[in-house]
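The values are calculated or read from the model by the stated rules, or taken from the named source; none is laboratory data. These figures come from a predicted structure and were not determined experimentally. Ideal geometry is used to build each Cβ from the backbone, glycine not excepted, and the neighbour counts take in all protein chains shown.
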Amino acid sequence: MNNYNFSTLNDKEFEQIAKDLLNAKFNLELQNFRVGKDKGTDLRFSTKYNNNSIIVQAKHYIGSAFAQLKHTLLNKELDKIKQLNPDRYIVVTSLPLSAPQKDEIKAILAPYILSSNDVIGQEDLNGYLSENPDIEKKYFKLWFSSINVYNSIINNAIEGRSRHLLEKISKNIQLYVVTKKLDDANKILQKEKLLLITGQPGIGKTTLAEVILIERARSNYKIYKVNNITEAEDIISPNDDEKQIFYFDDFLGANYFEIINANKTETQLTAFVDRVKNTPNKFLILTTRTVILNHAIEKYEKISHSRLATQQFEIKLTDYSKYEKALILYNHIYFKGLRKDFIEVIINEKFYKTIIQHKNYTPRIIEFITDNSKIENFSPQNYVQYILNNLNNPREIWRFSFINQINYLDQCLLLTLFTFGNSTSENALIHAFDSRLEFEKNEHNQIISSGQFYQSIKILLNGFIRANLYDTNIPEREYAFINPSLTDFLIGLVSESYPERKSIVSSITFIEQLNRFNPTKPLIPLEKDLQTLIRDRISKSKIKILETTNKHITENEKFSTLMEALCKYCYQVNIDSLILEYFKQINYSENWFTISQKLEYVILNLNDAPQTFNYIQENFILIIEKIMESIFDIDSAKLIPVIFEKYNQDYDQYTESDDGLKNLINVVECVLQSAEDNYKSDKKDEIKNIDDVSDIYDEIYEIESELKSELFPTSTFDYDFGIGIDHKYWEDIIERNLIREARDYDGDYDREYYEDSRFKLINEDNAVDDLFAKTE
């Protein structure tokens, strides 16, 4: 028997489960009151002789003592009981009660409590639950108030990052409101083995993913929170019986540039999705913002053709009813222990309706306006204005805390972390912050103490940032923003402040920190003088590539990365001699697969750089053929004639030469083979009929036709690239899909928590008012 302490339920949920259990235990038909002003009745059973035949009072005390319960019953409830004059009075509490304590309550409320058995405590409720598994099953949040369930969940986290995540979710589960989205998400994940949750910032993407994770952990799945696909590939088990679920939060946000700038990474992503789909007991959950996903689908072929583009599960703000919004607000008020005077201003004149009906309402804003660390010094009047300000200007929810609650050097550390994206290792952050502190000392006369990094970390931890410690051979700590909305605020702050942009650029240490200024996502301006600063820091070797324990940087990768950065971030200033210096150090004898796209970018985006231009012209055939050896996608292949034209090379003459024709045919064959491999990977799980396969090959034939037209402009070129339907392969795939479909069905995830757990609402507005009517 599970031993629940009911701490994850709010008082209304506790009242509801008490009603269900008493009705089942004593064969009653207890009813909830239409609550207005509490008159001592939570539940009652009426007869034709006495409307108040049985009265039930539910007292849900989290972290309280028996003395408080006794005081409340004696000094607040007894007079109400006398006026109601019930035939029988029952007290239900979440507190554990001893036999003497039950007898004491019976004596206090005599003669209305007929027997000490009508004083029902935590142990009794757990006994009733064991007798009624259907009731136990439907209270989703109840499960996580059991220490046994909690330990089971935490034990299913494999490494430190995932364990930290599950601990955080377990502590926050009490705030969660079950909506129909949970049922929908479970069904999609069970059917597709992949769940992509998209939506606008702050709408609840991460929360939904986390609830699904913790539910799966309870079902003995091992949980892995990964930061990139390489990590996931390293830990996926070949054992079909091992239950694993991988969670990749903000997979196109934190890793956007890595994914879209490298065909290899893009292929890794789609290949891993395919591997999960075809391995029993393996699941993948991804979250991202809608706008980023749409951009990736529009621009990048492998993502646009993958199931990521077609089988998404999106949360929309309109999917929250008024009552669900009210429940989210109520849970935050109840469990976060909001000050009594703050609760009163929310309830007075039904200000809660203003909150839940506001056009900018999101769960994230509710989380923010009930965070005691941010509002502890407010007066009630200031608190109301604070709520309205955050609702009216949701992008500004961090401004007050950033300006008023931390000092300047703490702000500098946050801005340094901001340059890394969403997270980075402690070593990288220390190194980059040291550079920022040196700048602040020299330029702004800041006094820097020797332990400034750890002083700032201590201030910022849990309020602005979080830390994770990974279980690796050498334990590694990572820092990340506690909430994505802080990133949104800092984007706005830096975009509006030239001095801050200059301070950041003047102290940047790693190439990766420049991604915040990427022109493909022009969120933050980069003035010409700042481009000069970047160029000079690169030339003086003050900006380097961030190396990690599992990533060795070759010389070719180093120089190609520096050249790409110069072209990308210094496009208005003279970089000619510097980029020529790096180009001459590229090793032509090595494979260019890892650097091909970078060099392609440099060659196509080289502006006023005559020395480098001449160098490329002089070595053109050598350079273009090295790039061609590494081309596997149609977009890069179509750029070959463009590069020839840019550098005044005769493309027609090249196509007519034996070597040129041979190289171009090889490019097309590689692209077509890659396209077929990708379609096999992305589409094979959808194919259940051989007739559908021809549609896939029609798309490959279109690629073939397009490349013939682009790369071989003469009408006389007629070459058979030998692409045809692999019937044996697809027949095996169809047979496997039918077997897998039958094998993977798990009826346990057909259950519907939403229908079981929500209150039955006759009038939503009345239900919202009832929710807040007895808030204390």
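Descriptive notes on the structure:
- Residue selected from region 349-380 under the condition surrounded by 16 or more Cβ atoms within 10 Å (Cβ to Cβ) and among the polar types (S, T, N, Q), by the criterion farthest from LYS322 (Cα to Cα): THR370
- LYS688, sole failed condition from (1) farther than 30 Å from ASP652 by Cβ; (2) at pLDDT 80 or above; (3) in a loop (DSSP other than H, G, I, E, B): (2)
- Residues satisfying the criterion are present in region 68-78 (criterion: closer than 20 Å to ASN5 by Cβ, buried (at least 20 other Cβ atoms within 10 Å of the Cβ) and at pLDDT 90 or above).
- Residue in region 455-465 that is crowded, with 16+ Cβ neighbours inside 10 Å, of a type in the set (S, T, N, Q), more than 22 Å from PRO363 (Cα to Cα) and touching a Lys or Arg at 6+ places or on another chain (Cβ under 9 Å) present: no
- None of ASP635, ASP659, ASP650 is under 34 Å from the mean Cα position of the chain (by Cα) and of a type in the set (D, E, K, R) except ASP635.
- Top-ranked residue of region 524-550 - restricted to ones that are more than 20 Å from SER506 (Cβ to Cβ) and touching a helix residue (DSSP H, G or I) at 6+ places or on another chain (Cβ under 9 Å), ranked as surrounded by the most Cβ atoms within 10 Å (Cβ to Cβ): THR548
- Taking the criterion of being surrounded by fewer than 21 Cβ atoms within 10 Å (Cβ to Cβ), in contact with a Lys or Arg (Cβ under 8 Å, 6 or more places away or on another chain) and among the polar types (S, T, N, Q), the residues of region 401-434 that qualify are SER401, GLN405, SER425.
- Among the residues making up region 214-239, those that are among the small types (Gly, Ala, Ser) and surrounded by fewer than 17 Cβ atoms within 10 Å (Cβ to Cβ) are SER219, SER237.
- For the criterion of being in contact (Cβ under 8 Å) with a residue 40 or more places away in the chain and of a type outside the set (Asp, Glu), PHE433 fails.
Quick grid of which residues meet (1) within 32 Å of the chain's Cα centre (by Cα); (2) surrounded by fewer than 20 Cβ atoms within 10 Å (Cβ to Cβ); (3) within 23 Å of TYR221 (Cβ to Cβ); (4) assigned by TED's automatic domain parsing to the domain that holds TYR330:
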site	(1), (2), (3), (4)
GLU123	no, yes, no, no
ILE135	yes, yes, no, no
ILE188	yes, yes, yes, no
LEU196	yes, no, yes, no
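- Filtering TYR89, TYR112, TYR128 for residues that are assigned to a helix (DSSP H, G or I), aromatic (Phe, Trp, Tyr) and assigned by TED's automatic domain parsing to the domain that holds SER53 leaves a single hit, TYR128.
- ILE491 meets the stated requirement of being within 30 Å of LYS374 (Cβ to Cβ), among the β-branched types (Val, Ile, Thr) and out of contact with any helix residue (DSSP H, G or I) (no Cβ under 7 Å at 6 or more places or on another chain).
- Among the residues examined, LEU142 does not qualify as hydrophobic (A, V, I, L, M, F, W, C) and in a loop (DSSP other than H, G, I, E, B).
- Yes/no for GLU396 being surrounded by 15 or more Cβ atoms within 10 Å (Cβ to Cβ) and among the acidic types (Asp, Glu): yes
- Within region 126-185, tally of residues that are out of contact with any helix residue (DSSP H, G or I) (no Cβ under 7 Å at 6 or more places or on another chain) and not hydrophobic (A, V, I, L, M, F, W, C): 21
- Close pairs from region 271-288: first within 15 Å of GLU686 (Cα to Cα) and in the same structural domain as ASN228 (by TED's automatic domain parsing), partner at pLDDT below 80 and assigned to a loop (DSSP other than H, G, I, E, B), Cβ under 8 Å, at least 6 apart: VAL273/SER306
- Once region 121-168 is narrowed to residues that are more than 29 Å from ALA65 (Cβ to Cβ) and touching an Asp or Glu at 6+ places or on another chain (Cβ under 7 Å), the residue that is modelled with the lowest pLDDT is GLU159.
- Any chance TYR361 is under 18 Å from PRO484 (Cβ atoms), of a type outside the set (Asp, Glu) and at pLDDT below 95: yes
- Filter pass, SER425 being assigned by TED's automatic domain parsing to the domain that holds SER541, in contact with a strand residue (DSSP E or B) (Cβ under 8 Å, 6 or more places away or on another chain) and not aromatic (Phe, Trp, Tyr): yes
- ILE665 in a helix (DSSP H, G or I) and over 21 Å from THR561 (Cα atoms): yes
- GLU440 closer than 24 Å to LEU533 by Cα, without any contact (Cβ under 8 Å) to a residue 40 or more places away in the chain and out of contact with any strand residue (DSSP E or B) (no Cβ under 8 Å at 6 or more places or on another chain): no
- In region 498-519, the residues that are loosely packed, with under 14 Cβ neighbours inside 10 Å and either touching a residue at least 24 places away in the same chain (Cβ under 8 Å) or part of a strand (DSSP E or B) (or both): TYR498, PRO519
- Helices (runs of 4 or more DSSP H) contained entirely in region 179-294, each with at least 1 residues that are of a type outside the set (A, V, I, L, M) and at pLDDT 80 or above: 180-192, 205-218, 229-235, 263-277
- Criterion violated by GLU349 - all others in (1) on the phi > 0 side of the Ramachandran plot; (2) assigned to a loop (DSSP other than H, G, I, E, B) satisfied: (2)
- The single residue among LEU125, LEU84 that is touching a Gly at 6+ places or on another chain (Cβ under 7 Å) and in contact (Cβ under 8 Å) with a residue 40 or more places away in the chain turns out to be LEU84.
- In summary, ALA326 fulfils each of the numbered conditions (1) farther than 30 Å from LEU469 by Cβ; (2) surrounded by 15 or more Cβ atoms within 10 Å (Cβ to Cβ); (3) free of Cβ contacts under 8 Å to residues at least 40 places away in the same chain; (4) under 26 Å from the mean Cα position of the chain (by Cα) with the single exception of condition (3).
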